[in-house]
Amino acid sequence: MNAYDNAMRQLEKASQLINLDKDVLAKLSAPERVIMASLPVKMDDGSLRIFQAYRVQYNSARGPYKGGIRFHPQVDLDEVKALAFWMTIKCAVVDIPMGGGKGGVVVDPKSLSLAETERLSRAWIRAFKPVIGPEIDVPAPDVYTTPQIMAWMADEYGQLAGKPSLGVVTGKPLEYGGSKGRDVATATGGFYVLSEAIKEKDLEPKKSQVAIQGFGNAGSVMAKLLFKAGYKIVALADSKSIIYNDKGLDIDKVFEYKKNSGALSGFENSKEISKEEFFALDVDILIPAALENQISKDNADNIKAKIVLELANGPTSPEADEILYNKGILLVPDVLANAGGVTVSYFEWLQNISNNYWSEEEVDSELRERMIPSFQAILQMAKEHKTDLRTAAFMLALARIESASKIRN
Ligand code: GLU
């Protein structure tokens, strides 16, 4: 399964339904610009390694390109193109005045020392400096990239530019231009949307069983928020194993255990299950919060959850979308469910360029005010057109991109 093919099929489906202008469709069928670079990085042992890196600037009809940089061994150009396209849609879904972009480096980040990671991050900025900037293209964290990495990147850019330029990347640490609430924003946005979605399915937090795939920034923070709100998290997966306890996992203890042992495997009173078993669990809410292509025509039929909340980007294939919709499962799509991250990134960028910083309460209420109405608008649209939430989200986003595109030519 190719993520970009999936993305283009999603585009086609929604464009037909709104009769999208053919020139706009043509523009959205390919990225505006793709930049590839080879990053030379000195390893700690003195040897030199070359890393393949990308930045895809997909569409800027609504503003500067926006989107994270991923460090992962499986990064490839089609994946980055798909992710950059989804950023274009995502920013339009939550109505932030940004376009879509994405970057990546083919690297196993776990094999690098801290110093090597710093040199790689700075090398990324040196390679892409001519095409990024606070008013041009604003990267952020994604899979295996952290606030510390963003700090090195902002510092490198500032040194090259000869002036502090905090608005060049978002997701920075608080002490260096970061925004309050950015670290928990993806999960918090997902939490707000889920709180609305459960009403549609007559679920209540304290009676809902949840399975979460992924223990990165999105999945782990979501586990904490849901646990605190009384949801019962019965299954949790990191990149190595999946733990299960039908009575519910104590998430505070899971965090402690993962911190000390570096793994989920072996956590008290839990058993390990396979990925196949995970997707077939009899839970109310299933949250893919890891990578693309997890729910396909091969396992969609087994899913018993009433709600699928996509905190990951692109976890569900178009065939699986159809299967889930026909089964009456409410799938809250990535471009809405995980849009809290880029929303608070946008708030961070606003704070950086105005040099005026917001309180945690302000960030949180502004985030809420974007997530909940966006969910309601999409739900309404889906009901009106008798379609799924992803198609409805695309329809809403495409109409916004279309009007921005057309007013200019
Ligand atoms: N990587 C995140 C995403 O996929 C955040 C992007 C951003 O903050 O620009 O939405």
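The values are calculated or read from the model by the stated rules, or taken from the named source; none is laboratory data. The structure displayed is predicted, hence computed values, not measured ones. Positions of Cβ are generated from backbone atoms using ideal geometry, with glycine treated the same way; all protein chains shown enter the neighbour counts.
Considering only residues in the stretch 76-132 that are in contact (Cβ under 8 Å) with a residue 60 or more places away in the chain and of a type in the set (Gly, Ala, Ser), the one that is surrounded by the most Cβ atoms within 10 Å (Cβ to Cβ) turns out to be 92. Residues that are within 16 Å of the chain's Cα centre (by Cα), not in a loop (DSSP other than H, G, I, E, B) and not aliphatic (A, V, I, L, M) within the stretch 59-89 comprise 65, 66, 70, 71, 72, 79, 81, 85, 86, 88, listed in sequence order.
Report, by residue number, each residue of the stretch 57-83 that is within 10 Å of the ligand (Cβ to nearest atom) and either under 11 Å from residue 342 (Cβ atoms) or of a type in the set (A, V, I, L, M, F, W, C) (or both). So that I can check it myself, show each step before the final result.
Step one: list which residues in the stretch 57-83 are within 10 Å of the ligand (Cβ to nearest atom), which gives 65-70, 83.
Correct list: 66, 67, 68, 69, 83.
Of the set (1) part of a helix (DSSP H, G or I); (2) within 28 Å of residue 289 (Cβ to Cβ), all apply to residue 130 but (2). Taking every residue in the stretch 343-358 that is closer than 14 Å to residue 137 by Cα and pairing it with any residue that is within 13 Å of the ligand (Cβ to nearest atom) and at pLDDT below 95, at least 6 positions away or on another chain, yields no pair with a Cβ-Cβ distance below 6 Å. What do you reckon, is residue 391 more than 19 Å from the chain's Cα centre (by Cα) and buried (at least 16 other Cβ atoms within 10 Å of the Cβ)? It is false that residue 391 is more than 19 Å from the chain's Cα centre (by Cα) and buried (at least 16 other Cβ atoms within 10 Å of the Cβ).
Taking the stretch 267-338 as the region of interest, the helices (runs of 4 or more DSSP H) fully inside it that hold 1 or more residues being surrounded by fewer than 23 Cβ atoms within 10 Å (Cβ to Cβ) and more than 16 Å from the ligand (Cβ to nearest atom) are 275-279, 318-326.
Identify, from the list 175, 156, the residue that is closer than 22 Å to residue 361 by Cβ, away from the ligand (no atom under 16 Å from the Cβ), among the acidic types (Asp, Glu) and in a helix (DSSP H, G or I).
Only one candidate qualifies: 175.
Identify, from the list 54, 4, the residue that is part of a helix (DSSP H, G or I) and within 16 Å of the ligand (Cβ to nearest atom). So the residue among 54, 4 that is part of a helix (DSSP H, G or I) and within 16 Å of the ligand (Cβ to nearest atom) is 4.
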